[in-house]
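What follows is a short report on a single structure.
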Amino acid sequence: MKGIICSVFLTVAINGAICAQTSKPLSAPFGVNLAGADFGANVPGVFNKDYTYPTGADLDYVKSKGLTLIRLPFLWERMQPVLGESLDAKEVERFTEVIDAAAERGILVLPDMHNYCRRKVEGEWLIIGSERVPVEQVANAWAKIADLLKDKKNIWGYGIMNEPHDMPAENSWFTIAQAIITSIRSKDSKTAIVVGGDSWSSAERWPYYSGNLKNLNDPANNLIFEAHIYFDENSSGSYKYSYEKERATAETGIVRAMPFVKWLKANNLKGFIGEYGVPDNDPRWLVTLDKMLDYLQKNGVNGTYWAAGPWWGDYHLAVQPKNGIDRPQMKVVSRYPSAK
């Protein structure tokens, strides 16, 4: 899809732009996850010890590859340390600094609450909707975040929750998502809301676990549904074994994407693949990645690769350059700036 020119702001964005009048995405840009703010077993933890945020250099690298979208994971506990209270001023400063730096570079941002439908309370991860973490509290947090970001013109959408899973009832995630949508719309009536799926947002399992999400109500009619795809045998993205032992083929990504894409088309809905990634240790993984991205592009579904960011080190899925040298996966990722 060609870049769309607006009268304000991102008029020269390479492949994606939004108009200030609507705040709706007018294209389907591909990009990467810039992770780091979601890091650390110690939650909330200490900034630049347990977790960090991407830098201007990280954004420059993304832009240099012709990519114009970043998914920006963050943790609820750090953004709002006390349930129901104000957002943390210092964390907001770090968070919005990245968003503003991205805007200066013509890069769109998808803020992603990377909490798996849980919150850490006194050292214990509790499911949202439980007695100590009621649904109203995550809705409250998102109202505050939307109020903070609603006037920023490079917000591609609000990623309301990363990979909900193992919920106590079939409609648990639906109920939570609807509460968040309603709360966001009380502050921002226009910006897209990006809704992940149940069962780790699996694209392959989407119709069974997340098919009910088509019934969510958004007054703005601006929902984007987010699925995830990995190519190892258990779809976890851990890639513990060789290409052969993971039973991968060149078509694995297409096969796993198809149930989600068909569901989108059957229900006339917009979709996005928020995570996918492959190891750097076998070129056959690159073929599988390339074929899936080609399939997504042809079907108008964009996505963000997992992952880049300053603290990945030798992580075998990372596309963060090492010693100034591109990782092999980036050759494939950069060939797909936007969906058609």
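For this structure, a couple of remarks:
- Selection count where residues are buried (at least 19 other Cβ atoms within 10 Å of the Cβ) and closer than 20 Å to Pro29 by Cβ, scope segment 148-202: 16
- The condition of being touching a strand residue (DSSP E or B) at 6+ places or on another chain (Cβ under 9 Å) and either among the basic types (Lys, Arg) or surrounded by fewer than 21 Cβ atoms within 10 Å (Cβ to Cβ) (or both) holds for only one of Glu85, Glu77, that being Glu77.
- The residue of segment 290-300 that is nearest to Arg256 (Cα to Cα), among those that are surrounded by fewer than 24 Cβ atoms within 10 Å (Cβ to Cβ) and of a type outside the set (Lys, Arg), is Tyr295.
- Near pairs, Cβ below 6 angstrom, 6+ apart or cross-chain, from segment 83-99 (within 13 Å of Pro44 (Cβ to Cβ)) to any residue that is in a loop (DSSP other than H, G, I, E, B) and not charged (D, E, K, R): Leu87/Gln80; Asp88/Pro81; Arg94/Tyr53
- Scanning segment 254-299 for residues that are under 20 Å from the mean Cα position of the chain (by Cα) and under 20 Å from Gln320 (Cα atoms) yields Ile273, Gly274, Glu275, Tyr276, Gly277, Val278, Pro279, Leu289, Asp290, Leu293.
- Every residue from segment 203-224 that is closer than 20 Å to Ile128 by Cβ and either crowded, with 19+ Cβ neighbours inside 10 Å or in contact with a Lys or Arg (Cβ under 6 Å, 6 or more places away or on another chain) (or both): Tyr209, Ser210, Leu213, Leu223
- Any hit, segment 145-161, residues being assigned to a helix (DSSP H, G or I), farther than 26 Å from Trp311 by Cα, of a type in the set (A, V, I, L, M, F, W, C) and more than 18 Å from the chain's Cα centre (by Cα): yes
- All told, Tyr230 meets the bar of being buried (at least 21 other Cβ atoms within 10 Å of the Cβ), modelled with pLDDT of 95 or more, within 29 Å of Asp280 (Cβ to Cβ) and not small (Gly, Ala, Ser).
- Here Ala143 meets each of (1) in contact with a Ser or Thr (Cβ under 7 Å, 6 or more places away or on another chain); (2) surrounded by 23 or more Cβ atoms within 10 Å (Cβ to Cβ) with one exception, condition (2).
- Qualifying residue in segment 192-207 (condition: in a helix (DSSP H, G or I), in contact with a Gly (Cβ under 9 Å, 6 or more places away or on another chain) and either over 13 Å from Leu269 (Cα atoms) or without any contact (Cβ under 8 Å) to a residue 12 or more places away in the chain (or both)): yes
- Qualifying residue in segment 122-138 (condition: modelled with pLDDT under 95, at positive phi and surrounded by fewer than 19 Cβ atoms within 10 Å (Cβ to Cβ)): yes
- In segment 1-118, counting only helices (runs of 4 or more DSSP H) that sit wholly within it, the ones holding 2 or more residues that are modelled with pLDDT of 95 or more and within 28 Å of Arg185 (Cβ to Cβ) span 76-79, 89-104.
- Test: Phe272 is under 17 Å from Asn33 (Cβ atoms) and crowded, with 20+ Cβ neighbours inside 10 Å: yes
The values are calculated or read from the model by the stated rules, or taken from the named source; none is laboratory data. Everything quoted here is computed from the prediction, not taken from an experiment. Here Cβ is always computed from backbone atoms with ideal geometry, including for glycine, and neighbour counts include all displayed protein chains.
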